[in-house]
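The structure appears below as structure tokens.
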Amino acid sequence: MKNRLYRGFSGIDRTEGPIVGPQISLLRSKNFIMPDERGVLRKRGGTTKATLLGDCWGIGGYQADPTSVGIPGVVYFIAYHNNGGTAYVSKSIAGASWSALSLGAYTSFGTAPMSFAQIANLFAIFGGRPAKITDISSGGVSRLGGGGPTAAPTVAASTGAGSLTGEYSWKYTFYDSTSGWESSPSPANTTLSLSAKNGEISGMSTTVDREGIDKKRIYRTQLTGEAPWYHVADVTLATTTYTDSTSDASLGAVAPTEGDHDAPPSSTYIGESHEKRFWIADGTSLYYSKIYDGSLYNLEYFSADRKLVFNQQITAVKSAPRLGGLLVFKAPGYGIDLVRGRSSEDFEIVEYYPSRGTYHQQSVVVQDDMLFFFDKTRPILLKNGQISPTFSDKVYPIISELCKDIPSDVPYVWALWDNLREQFLLGISSISASSVQWQDATSWGVGVSWKDSFTTVTWQV
Amino acid sequence: MGGRSLLEGFIYYGNMAGITREIVMALDPYRGFAGEFSWPEVEDGNSDERAILCVYQPPANSSSLPISNDGILLGTKNLDVVLFTFLTGTETDPNGSATESVEAIAITGRIDPTMTQEDDIGGAKSYHSLEFPHLRQVNKGLDFEYCVEEEAAGEGATWLDMHYTDTDRNFAYFPEGIANWVNIKIKDNTEYVDRDIIDGFRLHYYELFTRGDEAT
């Protein structure tokens, strides 16, 4: 009797023909893992589950500060889920049980795969209107950024005698005295000429679409009527009028620049942290916040002057310092760009990889010098900017057939780097619509019965 | 073709609303396709529109999880749960009210010890047994099946049970082993343990012909 020793498993291989020792190729490996290069099979671990009502569109982690030297800070799991139209943001430690956070009155979420990012204690949620968590222990979810007053204040000369003589103009902002956040200023009123009068301000708005606003800040020019505007006083949010008799010498700090503290795009699912700023995509524009310098409110200030414009709609963004900057994806076929630089003055867009792209923000993974993402029909692995030959030879033949006819209407694609096994995990889900029929890959356009290659169960059309 | 795609069933689909196509695969940057995963709650081809929508792996230094629980969280659709998976403990897959072990299956490609991959079929042999270099592969709870001269990963393959003895627990035998080639199916329905399950075997066989002669 003869024998041959097969000493290891070489992974999934669609190559036909007999096997030559010493290794055994596999046609299928379901729930077996090949964790390293020894050619062994291990079983994947088990699964538990915790109740989280509705559909879960995003899970992230809020990294809290460590409480003791040498002890890692707690990571709170943050999940966004929607149950029958009701939005929830829930937190958990260790994942066994979840508790819902309070949602601010000015938060608004959608139902699509979303992204998260964190800088310092500010955890941003990009799932519709951008939102934030700043106090994971006892706080809730509130809007990220906010709008300023949209109309100029009304100002008239006082009836009686006053202190001001000259040409003056006023603006005002919304202000959160606890966090220090301040909106962009209102438009300025028409310059008012005063002669020994005070400025009677009225018509200031008392409504604002952001949580935490408790005050307004009033600003005025000096007697020349020329910019800048200087701080006059703070009033409560509910106050609509104010008498300004402040001398020029008593004016305070300069007002924020017009349009410099604007809200981020009103609806987006694509956001990232990079170089101590938040980056948010809106169509072909990529907005970036002010830089974090220790003040969290800077991360909520956006502006039309802080944006980069691309030639196609942005579909994903990913911070990749080791690859040179911030990767900006467009749809498959339109390429991947790179934003280089560290300040507004030197941000520049360069081409990173032409002709590739993705529809799926959640499929983009950067690990060391590798970039992984799901292109139109298959995963792409770039190593140092070059297509991986391993993927070309071993993965594409399988994946290309698999993904050739995935409908573009409802695919859900995600990926991550599994630290334990040092492999990429890629998940693809697609739920049919009644009018959508998947195609037989070998007979284009011909609808066929569903059948499982392993169980052979068949559903007839 | 012996090398038919293991995922070929994924391609075919009828226009039935609500059918979910679901696959999670492990891709090794150096060795390629490393395997696929499935969960009873979110199976491929299910009609409940259940799907995995998102995933998160906590940092390895997180104090939220014990060091031994390097888990991954999976967010789901139409299931009202979040799954934790890849735990290194002894958790088992919940399925309804009962707990079940994770079922793992591996199917080999063609095994024909007399031929190279570039050559044609090598001729009839009598496959005798598998011997496991590490003792007690069968005692570990593995089941082995085989099929002969079929497209092993395709529909219609006839899988036959291999036989074991009570004394030789490091052998599995072919009850009917006359074939040009075989495929082996390895099944593990045991509780999870953090160890290697199998890394190969020694194939024992009789060659029934000399190349160029008629097979007997």
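The values are calculated or read from the model by the stated rules, or taken from the named source; none is laboratory data. Keep in mind it's a predicted model, so treat the numbers as computed, not measured. Neighbour counts are summed over all protein chains in view; Cβ atoms, including those assigned to glycine, are modelled from backbone coordinates with ideal geometry. These area figures cover heavy atoms from the full protein model, side chains too; ligands, DNA and RNA do not enter into them. Shrake-Rupley method; radii C 1.70, N 1.55, O 1.52, S 1.80 Å.
List of remarks:
- If you plug the beta carbon distance of residue A:369 and residue A:167 into 1/(1 + (r/R0)^6) with R0 = 60 Å, you get a FRET efficiency near 0.50.
- Percent carbon-and-sulfur accessible area, the range A:263-332, ignoring ligands, DNA and RNA, probe 1.4 Å: 41 percent
- Take the Cα of residue B:159, go 7 Å toward its beta carbon, and the backbone nitrogen atoms of the range B:170-201 under 13 Å from that spot belong to B:183-189.
- Convex hull volume per residue for the range A:138-212, taking Cα atoms only, in Å³: 106 Å³
- Spacing of the modelled spin labels on residue A:236 and residue A:86, each 7 Å from Cα toward Cβ, amounts to 3.4 nm.
- With only Cα atoms counted, the range A:168-286 has Rg and Dmax values of 16.7, 54 Å.
- Straight-line cross-link reach from residue B:185 at under 16 Å between alpha-carbon atoms covers these lysines, not counting any fewer than eight positions away in the same chain: A:30, A:43, B:140.
- Pairs from the table (A:276/A:318; A:276/A:307; A:132/A:318; B:77/B:187) lying more than 24 angstrom apart at Cα are B:77/B:187.
- For chain A, the relative contact order comes to 8 percent (Cα pairs under 8 Å, sequence separation of at least 6).
- Average other protein chain Cβ within 10 Å of Cβ, residues A:66-79: 3
- Surface analysis of chain A yields an accessible area of 40 Å² per residue, using protein heavy atoms and a 1.4 Å probe.
- Charge dipole magnitude, Cβ of K and R +1, D and E -1 - the range A:272-415, Cα centre, debye nearest 20: 160 debye
- Interface between chains A and B: roughly 11600 Å² of accessible area buried, both sides summed (probe 1.4 Å, protein heavy atoms only).
- Counting Cβ atoms of other protein chains within 10 Å of each Cβ in B:41-54 and taking the mean gives 5.
- In this calculation the C-beta distance from residue B:194 to residue A:5 is compared with R0 = 22 Å, giving a FRET efficiency of 0.25.
- Label-reachable residues, the range A:144-178, where backbone N falls under 15 Å from a point 7 Å from residue A:247's Cα toward its Cβ: A:162-166
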